[in-house]
Amino acid sequence: MSKTPVRVAVTGAAGQIGYSLLFRIASGEMLGKDQPVILQLLDLPQAQKACQGVIMELDDCAFPLLAGVFATDDPDTAFKDADICLLVGARPRGPGMERSELLNVNGAIFTVQGKSIAEHAKEGVKVLVVGNPANTNAYIARQAAIKVGRTNPANYHGMLRLDHNRALSMVAAKAGRPVDSLRKMAVWGNHSPTMYADYRFCTVDGQSVKSMINDEAWNNDVFQPAVAKRGAAIIEARGLSSAASAANAAVCHIRDWVLGTDDWVTMGVPSDGSYGIPEGIIFGFPCECKNGSYKIVQGLEIDAYSQEKLNKTLKELQDEAEAVKSLL
Ligand code: NAD
Ligand code: LMR
């Protein structure tokens with residue numbers, strides 16, 4: 001092993017997303033097949049025994065890239081010197097709930113963890129919040145981290161990659177083209193039913209997918225609600241929220257951020273004021289990644305339909321930010 005191991009902290013390690021995620025990180029799918037990793041697992045005291053079981057299974061895979069693994073219930077220990085933090089640990093919703101209803105139970109986790117990351121992780125740490133409501137939890141963690149200083153406030157993200165991948169898959173099926181031939185998908189806003197899955201810029205082999213599909217009723221009445229409510233549909237079908245696809249989305253988000261990509265990817269990032277979204281709101285934007293950093297794709301036309309959608313999802317995020325004011 002020639003490269004220095006990358007330290008990856010994963011919270012909620014004993015949960016169902018953790019069970020899909022850890023093995024893929026250890027096998028090199030997230031950071032590359034030549035990049036050793038050290039996994040630093042955080043979960044609650046009552047989940048430590050289950051974490052030990054997961055560690056036993058990681059050992060039993062004999063992953064060549066797994067240079068170390070430990071579990072703890074102490075955030076400061078879990079985040080010590082971390083290069084990447086995947087904040088998964090939080091309660092999932094059940095049937096009939098909206099993700100925003102989780103703010104009361106999950107919000108407080110992220111003040112503690114944002115502060116701990118800023119105090120103990122590497123200065124260049126990259127943080128991805130998966131636990132719901134992901135945008136506002138990332139907002140809470142970022143605000144707590146900013147109070148400490150030291151880490152880069154641009155590196156606190158919320159996960160919208162699952163929505164991006166869902167949108168890609170649905171548009172590819174509608175267009176009758178392979179999913180990996182599609183380029184330039186965007187999902188704007190909140191990881192909630194107000195998100196706006198925007199395929200206006202999508203191309204296949206340089207051709208516009210929108211003109212290929214040419215069906216506004218499908219966009220409005222089928223595609224938009226299907227992407228927005230896919231999480232609820234999975235809960236309804238499985239009795240549990242999505243896990244393998246969520247873990248896959250986290251792997252994709254970090255892989256593209258670290259290793260770069262030649263396509264647009266949707267990331268929930270702190271707004272820099274782009275497209276009129278107030279600074280600091282964690283908003284899904286189309287991004288391009290290169291050399292370990294990302295930038296929001298600029299200059300896209302926002303037509304009246306899209307502006308209305310952006311306004312709606314922004315308003316929801318602003319209301320969520322208002323609701324967590326006391327935690328900041
Ligand atoms: P789960 O209940 O199976 O596991 C959650 C784990 O987190 C448990 O092991 C629990 O002990 C742990 N945990 C709880 N509080 C913690 C804390 N303070 N510190 C560390 N660990 C803690 O849930 P899951 O299915 O793995 O889902 C986890 C979260 O991810 C949920 O909030 C879910 O809604 C969310 N999620 C988000 C997306 C997305 O696209 N953003 C997709 C799927 C699920
Ligand atoms: C999803 O989109 O599948 C997750 O956010 C889980 C949920 O509660 O919908």
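The values are calculated or read from the model by the stated rules, or taken from the named source; none is laboratory data. Since we're looking at a predicted model, the values are computed, not measured. Cβ sites come from the backbone with ideal geometry, for glycine too, and all protein chains shown count toward neighbours.
List of remarks:
- Candidate set from segment 230-251 (those that are more than 18 Å from the chain's Cα centre (by Cα) and among the hydrophobic types (A, V, I, L, M, F, W, C)); member that is farthest from ligand 2 (Cβ to nearest atom): A237
- Among residues of segment 5-57 being within 16 Å of ligand 2 (Cβ to nearest atom) and small (G, A, S), the one that is surrounded by the most Cβ atoms within 10 Å (Cβ to Cβ) is G18.
- Selection of segment 214-229 for residues being more than 9 Å from ligand 2 (Cβ to nearest atom) and surrounded by fewer than 18 Cβ atoms within 10 Å (Cβ to Cβ) yields N214, D215, E216, A217, W218, N220, D221, V222, P225, A226.
- Verdict on Q307 being exposed (fewer than 15 other Cβ atoms within 10 Å of the Cβ), of a type in the set (S, T, N, Q), free of Cβ contacts under 8 Å to residues at least 40 places away in the same chain and assigned to a loop (DSSP other than H, G, I, E, B): no
- Counting the residues of segment 66-107 that are within 19 Å of the chain's Cα centre (by Cα) and either touching a residue at least 60 places away in the same chain (Cβ under 8 Å) or closer than 19 Å to Q52 by Cα (or both) gives 17.
- Counting only strands (runs of 3 or more DSSP E) that fall entirely inside segment 113-224 and contain at least 3 residues that are among the aliphatic types (A, V, I, L, M), the qualifying elements are 126-129.
- Screening the candidates A138, A121, A108, A78 for the property of being near ligand 1 (Cβ under 10 Å from one of its atoms), at pLDDT 95 or above and farther than 14 Å from H157 by Cα yields one hit, A78.
- Index of the failed condition, A9 passing every other in (1) closer than 29 Å to E236 by Cα; (2) touching a residue at least 60 places away in the same chain (Cβ under 8 Å); (3) within 13 Å of ligand 1 (Cβ to nearest atom): (1)
- Selection within segment 268-304 - in a strand (DSSP E or B), in contact (Cβ under 8 Å) with a residue 24 or more places away in the chain and in contact with a Cys (Cβ under 9 Å, 6 or more places away or on another chain): V269, Y294, I296
- Test result for L65, buried (at least 23 other Cβ atoms within 10 Å of the Cβ), under 21 Å from A250 (Cβ atoms) and more than 9 Å from ligand 1 (Cβ to nearest atom): no
- When each of Y305, Y275 is tested for being on the phi > 0 side of the Ramachandran plot and hydroxyl-bearing (S, T, Y), the lone residue that passes is Y275.
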